[in-house]
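Please read the structure below before turning to the comments.
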Amino acid sequence: MAGQAMSKQGAMAAALVAVLFSLSSASPVQWGQLDPHFYEHSCPQAQQIVASIVGKAHYQDPRMAASLLRLHFHDCFVKGCDASLLLDSSGSIVSEKRSNPNRDSARGFEVVDEIKAALEAACPRTVSCADILALAARDSTVMTGGPGWIVPLGRRDSLGASVQGSNNDIPAPNNTLPTIITKFKLQGLDIVDLVALLGSHTIGDSRCTSFRQRLYNQTGNGLPDRTLDVSYAAELRPRCPRSGGDQNLFFLDPVTPFKFDNQYYKNLLAYRGLLSSDEVLLTDSPATAELVRLYAANQDIFFQHFAQSIVKMGNISPLTGVNGEIRKNCRRVNHS
């Protein structure tokens, strides 16, 4: 049985690597100062190493794909895509892992550590932690059935972190739609990017504490959210009571929780979006609602827009050239 499991795991990783090689052979694309061929000579096996370890992690824990994808989002929205999220507290650095969006829910750091150790063994001080996050996000999406894309590379790692930025800049589950739109706009991302990127909630989980108010007190009057399907609310309440059970996990997409598809948008149309920040895409803006309907009806267009938007997100304020550094250990800056 163990041999069969390893064989299946290896086949999955090999299939992912084949997809990545087909992508890397596409025509060159450049985004700002980033280049998908950045490691072509300095570490040609970099993408294969990342894909192999992501494949193993996904096989061992089906939740890990969503966790790795989320790390890329939470990193890029704070100071740009510079791996600041990965830093542990040390010296003058207060880790972003302590912030509200990350404290109880960010995970996958050990997988990043494993990837970094393998890359350091193959190509010392060459591949940045920020690029690891970008590649792992792509590989996690492909591994769960989603689209692939060419990842522009060449990011360098930050020398500091920002807990304040993490608390303020990352969209929260209870933010209003105008607030979420503003937070995306400040990163150079538009409404198409917003609706497409939130489609990543087609995989992953959320904690009871992130949506409890929808079940019991959405507007402060003690009543449940009128935009939440009554039967769905009844399914959620036993494991998400008025008090207690804060850390209980719920699928963001209970229909196909481990498959990257367009079911998330179909759930929104049925008023079965788990988070308030999900359902408002349908209920609070004709422009975002039109995109929800488009993606629910056409998965190919969703995949195309998601791939374009996550590449755009991955280009938020990268450190390049002589800025930042290439960390040897993703958890700490090199001089510490």
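Here are the numbers:
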quantity: Residues located in region 207-253, provided they are touching a Pro at 6+ places or on another chain (Cβ under 7 Å) and either small (Gly, Ala, Ser) or over 17 Å from ASP104 (Cα atoms) (or both); calculated: SER210, ARG214, LEU215, TYR216, GLN218, ALA233
quantity: Residue within region 212-227 that is at pLDDT 95 or above and within 25 Å of THR141 (Cβ to Cβ) present; calculated: no
quantity: Unique match (being farther than 25 Å from SER67 by Cβ, without any contact (Cβ under 8 Å) to a residue 40 or more places away in the chain and not aliphatic (A, V, I, L, M)) among ASN298, ASN267; calculated: ASN298
quantity: Residue ID - farthest from CYS81 (Cα to Cα), chosen from residues in region 129-182 that are touching a Gly at 6+ places or on another chain (Cβ under 8 Å) and hydroxyl-bearing (Ser, Thr, Tyr); calculated: THR141
quantity: Scope region 203-243; condition under 28 Å from SER317 (Cα atoms) and in contact with a Ser or Thr (Cβ under 7 Å, 6 or more places away or on another chain); matching residues; calculated: ILE203
quantity: SER276 being of a type in the set (Ser, Thr, Tyr) and under 18 Å from the mean Cα position of the chain (by Cα); calculated: no
quantity: Pair list, Cβ < 8 Å and 6+ apart or interchain, from region 132-157 residues that are within 18 Å of SER200 (Cα to Cα) to residues that are among the aliphatic types (A, V, I, L, M) and assigned to a strand (DSSP E or B); calculated: ALA134/LEU153; LEU135/LEU153
quantity: Residue match in region 118-140 (condition: surrounded by 24 or more Cβ atoms within 10 Å (Cβ to Cβ), polar (S, T, N, Q) and more than 19 Å from LEU319 (Cβ to Cβ)); calculated: yes
quantity: Tally, over region 98-115, of residues that are closer than 26 Å to ASP246 by Cβ, over 15 Å from the mean Cα position of the chain (by Cα) and modelled with pLDDT of 95 or more; calculated: 1
quantity: Of residues in region 232-264 being in contact (Cβ under 8 Å) with a residue 60 or more places away in the chain and among the charged types (D, E, K, R), the one surrounded by the most Cβ atoms within 10 Å (Cβ to Cβ); calculated: ASP261
quantity: Test result for ILE181, within 13 Å of the chain's Cα centre (by Cα), over 16 Å from CYS76 (Cβ atoms) and either crowded, with 19+ Cβ neighbours inside 10 Å or not assigned by TED's automatic domain parsing to the domain that holds PRO241 (or both); calculated: no
quantity: Residues that are out of contact with any Lys or Arg (no Cβ under 9 Å at 6 or more places or on another chain) and among the hydrophobic types (A, V, I, L, M, F, W, C), drawn from region 269-291; calculated: ALA270, VAL280, LEU281, ALA287, ALA289, LEU291
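The values are calculated or read from the model by the stated rules, or taken from the named source; none is laboratory data. Since the model is a prediction, treat every value here as computed from it, not as a measurement. So basically every Cβ, Gly included, is an ideal-geometry build from the backbone, and we count neighbours across all protein chains shown.
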